[in-house]
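Structure first, commentary second.
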Amino acid sequence: MKKFDIKSFVAGFLLGTVGITTAFAATGIQSANLCDTQVTLNGVSLSLSKSLISVTMNDEQDASLYVPANELLEKLGYTVYYDHAKNRMDLVSGNNNSHKETSQTSGNAIIDLSNHPGQLNIAESGSFQAENNQTLTLNVTSDIKGGTVDFFLFDPEGKELHITIDSADMKKEIPLEKGIWKYNCSGIFKDGGNIKIVGTIK
């Protein structure tokens, strides 16, 4: 079995919520077995009541580990909401910035996201109201290492814009149309660093 790392459990979040039967039903899976691999965070053991699952794909020799998502994420400080009807898992971090809906006048910051000091991940979401012919300016300050952050912006009709953020500052201008826009930002950077994303409308 290959060594457990952050990529393995990120890939396994969703599978862990629905159980081992889903693993066998998925296309391309050769075997799936419960295992007693120990999970640690910064060298400290995390006691999980549910077992991990070792999954071997048909075209791979080494197994990957899948983690019970809700239990692990709750231990990392998130509240987990699973909507079975929509097949969606929503993560809310402990800083109360998630799921904020913002109204604004021209020039106000309607997106203001950052990781907690010393926290090697970010998970935020929210929404804002825009008018026709406005522009969203995203200013990103980032020196994260060992991972990336995904920022998703959804227009009023649900069309998705995906921005991948690594260890570099960036600025993006996005034309808007009238309606409610939603955003979701998540990522893990296991080797440290910090990220801040500020969005203004004009």
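The values are calculated or read from the model by the stated rules, or taken from the named source; none is laboratory data. Keep in mind that this is a model prediction, so the values were computed, not measured. Note that each Cβ is placed from the backbone with ideal geometry, even for glycine, and that neighbours are counted across all protein chains shown. Each accessible area value is taken on the protein alone, full model and side chains, heavy atoms only, with ligands, DNA and RNA left out. Shrake-Rupley method; radii C 1.70, N 1.55, O 1.52, S 1.80 Å.
A cut-off under 14 angstrom between Cβ atoms defines the neighbours of Tyr78, and their net charge, with Lys, Arg +1 and Asp, Glu -1, is -3. Averaged over its residues, segment 149-188 has an accessible area of 58 Å² per residue, based on protein heavy atoms and a 1.4 Å probe. For segment 130-202, the normalised intensity computed at q = 0.13, 0.16 Å⁻¹ comes to -0.40, -0.58 (log10 of I(q)/I(0), Debye sum over alpha carbons, equal scatterers, no solvent). Normalised by residue count, segment 128-172 yields a Cα convex hull volume of 78 Å³ per residue. Taking the Kirkwood radius as Rh and the Cα radius of gyration as Rg, segment 28-68 has a ratio of Rg/Rh equal to 1.05. At 1.4 Å probe size, with the rest of the protein present, what percent of the exposed accessible area of segment 103-202 is carbon and sulfur atoms? Roughly 46 percent, rounded to a whole number. Packing, taken as the mean count of other beta carbons within 10 Å per residue, orders the peptides 171-178, 136-143, 62-69, 47-54 from highest to lowest as 62-69, 136-143, 47-54, 171-178. Between Glu173 and Thr137, the distance separating the two model label sites (each 7 Å from Cα on the Cα→Cβ line) works out to 0.8 nm.
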